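The structure appears below as C-alpha coordinates.
The values are calculated or read from the model by the stated rules, or taken from the named source; none is laboratory data. Predicted model, so just to flag it, every value in this text is computed and none were measured. As a convention, Cβ positions derive from the backbone with ideal geometry for all residues, glycine included, and neighbour counts pool all protein chains shown. Heads up: the accessible areas ignore ligands, DNA and RNA and are worked out on the full protein's heavy atoms, side chains in. Shrake-Rupley method; radii C 1.70, N 1.55, O 1.52, S 1.80 Å.
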Amino acid sequence: RHAWTTGDQGFAADFWPRARKALERHAEWAEAGGGIAQVGHGLGTSYDGYHYEGATPYVATLWLAALIIMDRHARETGDKILRDRIAIWRTAALAMLETHLWTGSAYRCSADPARGQQRDTCHAGQLAGQHFARLLTGEDILPAERLVPAVESLLRLNGNPRFAAPPDETTFAGE
(Lines give C-alpha, C1' and ligand atoms only; values in the text may rest on other atoms or scores of the structure.)
Protein backbone atom coordinates (compact mmCIF):
# COMPACT_ATOMS: atom_id res chain seq x y z
CA ARG A 1 0.00 0.00 0.00
CA HIS A 2 2.87 2.35 0.81
CA ALA A 3 4.36 1.94 -2.66
CA TRP A 4 0.99 2.29 -4.36
CA THR A 5 -0.02 5.46 -2.54
CA THR A 6 3.35 7.23 -2.45
CA GLY A 7 4.85 6.02 -5.72
CA ASP A 8 7.97 4.90 -3.79
CA GLN A 9 9.36 2.57 -6.44
CA GLY A 10 12.57 1.98 -4.46
CA PHE A 11 10.56 0.56 -1.59
CA ALA A 12 8.46 -1.53 -3.99
CA ALA A 13 11.58 -2.99 -5.63
CA ASP A 14 13.09 -3.82 -2.24
CA PHE A 15 9.84 -5.21 -0.85
CA TRP A 16 8.80 -7.39 -3.79
CA PRO A 17 11.31 -10.30 -3.51
CA ARG A 18 10.67 -10.65 0.23
CA ALA A 19 6.90 -10.56 -0.16
CA ARG A 20 7.05 -13.05 -3.04
CA LYS A 21 9.17 -15.44 -0.94
CA ALA A 22 6.71 -15.19 1.97
CA LEU A 23 3.77 -15.86 -0.35
CA GLU A 24 5.47 -18.93 -1.81
CA ARG A 25 6.13 -20.29 1.70
CA HIS A 26 2.51 -19.92 2.68
CA ALA A 27 1.51 -21.49 -0.64
CA GLU A 28 3.40 -24.63 0.38
CA TRP A 29 1.18 -24.88 3.47
CA ALA A 30 -1.95 -24.12 1.46
CA GLU A 31 -1.10 -26.74 -1.16
CA ALA A 32 -0.43 -29.32 1.55
CA GLY A 33 -3.85 -28.47 3.01
CA GLY A 34 -5.75 -28.82 -0.23
CA GLY A 35 -6.09 -25.07 -0.81
CA ILE A 36 -5.96 -23.61 2.70
CA ALA A 37 -3.16 -24.00 5.23
CA GLN A 38 -4.28 -26.47 7.86
CA VAL A 39 -3.66 -25.36 11.42
CA GLY A 40 -3.44 -27.00 14.78
CA HIS A 41 -1.29 -30.02 14.02
CA GLY A 42 2.20 -29.07 12.97
CA LEU A 43 1.61 -25.40 12.17
CA GLY A 44 -0.24 -24.46 15.32
CA THR A 45 -2.69 -21.61 15.71
CA SER A 46 -4.38 -19.44 18.21
CA TYR A 47 -7.01 -16.76 18.03
CA ASP A 48 -7.62 -15.05 21.35
CA GLY A 49 -6.55 -18.21 23.17
CA TYR A 50 -8.73 -20.65 21.21
CA HIS A 51 -7.17 -23.66 19.54
CA TYR A 52 -8.35 -24.69 16.08
CA GLU A 53 -7.71 -27.74 13.95
CA GLY A 54 -7.82 -27.91 10.17
CA ALA A 55 -8.97 -25.17 7.84
CA THR A 56 -10.43 -21.93 9.16
CA PRO A 57 -12.14 -19.13 7.24
CA TYR A 58 -9.97 -16.71 9.21
CA VAL A 59 -6.78 -18.14 7.66
CA ALA A 60 -8.52 -18.74 4.32
CA THR A 61 -9.71 -15.17 3.87
CA LEU A 62 -6.35 -13.74 4.94
CA TRP A 63 -4.73 -16.07 2.37
CA LEU A 64 -7.16 -14.88 -0.32
CA ALA A 65 -6.38 -11.27 0.61
CA ALA A 66 -2.64 -11.94 0.32
CA LEU A 67 -3.27 -13.48 -3.10
CA ILE A 68 -5.25 -10.53 -4.45
CA ILE A 69 -2.73 -8.04 -3.06
CA MET A 70 0.23 -9.97 -4.46
CA ASP A 71 -1.53 -10.42 -7.79
CA ARG A 72 -1.58 -6.66 -8.12
CA HIS A 73 2.15 -6.52 -7.37
CA ALA A 74 2.80 -9.35 -9.83
CA ARG A 75 0.81 -7.54 -12.51
CA GLU A 76 2.80 -4.35 -11.91
CA THR A 77 6.14 -6.17 -12.05
CA GLY A 78 5.20 -8.32 -15.04
CA ASP A 79 5.54 -11.57 -13.08
CA LYS A 80 3.27 -13.75 -15.22
CA ILE A 81 4.51 -16.99 -13.66
CA LEU A 82 3.40 -15.87 -10.20
CA ARG A 83 0.10 -14.55 -11.52
CA ASP A 84 -0.65 -17.96 -13.04
CA ARG A 85 0.19 -19.66 -9.74
CA ILE A 86 -1.94 -17.17 -7.80
CA ALA A 87 -4.93 -18.04 -9.99
CA ILE A 88 -4.45 -21.74 -9.15
CA TRP A 89 -4.04 -21.05 -5.42
CA ARG A 90 -7.13 -18.83 -5.39
CA THR A 91 -9.25 -21.47 -7.12
CA ALA A 92 -8.10 -24.12 -4.64
CA ALA A 93 -8.77 -21.89 -1.62
CA LEU A 94 -12.27 -20.99 -2.81
CA ALA A 95 -13.02 -24.67 -3.49
CA MET A 96 -11.90 -25.64 0.02
CA LEU A 97 -14.00 -22.86 1.53
CA GLU A 98 -17.02 -24.00 -0.45
CA THR A 99 -16.61 -27.72 0.16
CA HIS A 100 -15.59 -27.80 3.81
CA LEU A 101 -16.48 -24.50 5.44
CA TRP A 102 -19.63 -23.08 3.84
CA THR A 103 -22.80 -23.83 5.87
CA GLY A 104 -25.33 -22.27 3.52
CA SER A 105 -25.41 -18.99 5.41
CA ALA A 106 -21.85 -18.41 6.67
CA TYR A 107 -18.46 -20.06 7.02
CA ARG A 108 -18.17 -22.53 9.88
CA CYS A 109 -15.41 -21.84 12.38
CA SER A 110 -13.18 -24.73 11.26
CA ALA A 111 -13.09 -28.05 9.48
CA ASP A 112 -10.46 -30.75 9.47
CA PRO A 113 -11.34 -32.89 6.42
CA ALA A 114 -8.52 -35.36 7.05
CA ARG A 115 -9.91 -36.15 10.50
CA GLY A 116 -13.58 -35.77 9.62
CA GLN A 117 -14.05 -33.00 12.20
CA GLN A 118 -15.71 -29.63 12.00
CA ARG A 119 -16.63 -26.85 14.42
CA ASP A 120 -20.06 -25.55 13.53
CA THR A 121 -19.99 -22.08 15.00
CA CYS A 122 -20.01 -18.62 13.47
CA HIS A 123 -16.59 -17.08 14.10
CA ALA A 124 -16.11 -13.32 14.29
CA GLY A 125 -12.95 -13.53 12.17
CA GLN A 126 -14.46 -15.41 9.24
CA LEU A 127 -14.14 -12.39 6.94
CA ALA A 128 -10.86 -10.92 8.26
CA GLY A 129 -9.20 -11.08 4.86
CA GLN A 130 -12.13 -9.33 3.21
CA HIS A 131 -11.34 -6.24 5.26
CA PHE A 132 -7.68 -6.19 4.21
CA ALA A 133 -8.43 -6.93 0.56
CA ARG A 134 -10.94 -4.07 0.41
CA LEU A 135 -8.60 -1.72 2.28
CA LEU A 136 -5.56 -2.47 0.15
CA THR A 137 -7.00 -3.21 -3.30
CA GLY A 138 -10.63 -2.09 -3.22
CA GLU A 139 -11.65 -5.59 -4.32
CA ASP A 140 -13.67 -8.40 -2.76
CA ILE A 141 -12.06 -11.79 -2.28
CA LEU A 142 -15.25 -13.83 -2.10
CA PRO A 143 -18.10 -14.20 -4.56
CA ALA A 144 -21.06 -11.93 -3.71
CA GLU A 145 -23.34 -14.96 -3.28
CA ARG A 146 -21.15 -16.00 -0.32
CA LEU A 147 -19.97 -12.63 0.96
CA VAL A 148 -23.40 -11.06 1.46
CA PRO A 149 -24.96 -13.94 3.47
CA ALA A 150 -21.76 -14.37 5.49
CA VAL A 151 -21.79 -10.70 6.46
CA GLU A 152 -25.50 -10.90 7.30
CA SER A 153 -24.96 -13.99 9.49
CA LEU A 154 -21.94 -12.45 11.16
CA LEU A 155 -23.84 -9.28 12.04
CA ARG A 156 -26.95 -11.17 13.15
CA LEU A 157 -25.13 -13.77 15.27
CA ASN A 158 -21.95 -12.09 16.49
CA GLY A 159 -23.03 -8.46 16.34
CA ASN A 160 -26.41 -8.96 17.91
CA PRO A 161 -27.47 -6.02 20.14
CA ARG A 162 -27.91 -8.40 23.12
CA PHE A 163 -24.11 -8.57 23.43
CA ALA A 164 -22.21 -5.66 24.99
CA ALA A 165 -19.12 -6.84 23.12
CA PRO A 166 -19.39 -9.20 20.14
CA PRO A 167 -18.41 -12.78 21.01
CA ASP A 168 -15.75 -14.56 18.97
CA GLU A 169 -18.04 -17.52 18.34
CA THR A 170 -21.77 -18.12 18.34
CA THR A 171 -23.86 -21.12 17.36
CA PHE A 172 -26.04 -21.32 14.28
CA ALA A 173 -28.96 -22.53 16.43
CA GLY A 174 -32.23 -21.10 15.28
CA GLU A 175 -31.07 -20.39 11.76
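Amide H to amide H, with H built 1.01 Å from N, Gln118 comes under 5 Å of Asp112, counting only residues 5 or more places away or on other chains. In terms of its C-alpha gyration tensor, the range 81-159 comes out oblate, because a/c is 1.5 or above while a/b does not outweigh b/c. The Rg/Rh ratio of the chain, with Rg taken over Cα atoms and Rh as the Kirkwood radius over Cα pairs, comes to 0.99. Considering only trypsin sites (Lys or Arg not before Pro) in DSSP loops that have at most 13 other Cβ atoms within 10 Å, the longest stretch of the chain without any of them is 2-114.
Within the chain, helices built from complete DSSP H runs that reach 15 Å or longer along their own axis (Cα positions) and carry a mean Kyte-Doolittle hydropathy of 0.5 or higher are 144-157. Its DSSP H runs of at least 4 residues, each contributing -39,500 (n - 2.57), put the calculated 222 nm mean residue ellipticity of the chain at -17000 deg cm²/dmol, to the nearest 500. Accessible surface ranking for Ile81, Ile68, 1.4 angstrom probe, highest first: Ile81, Ile68.
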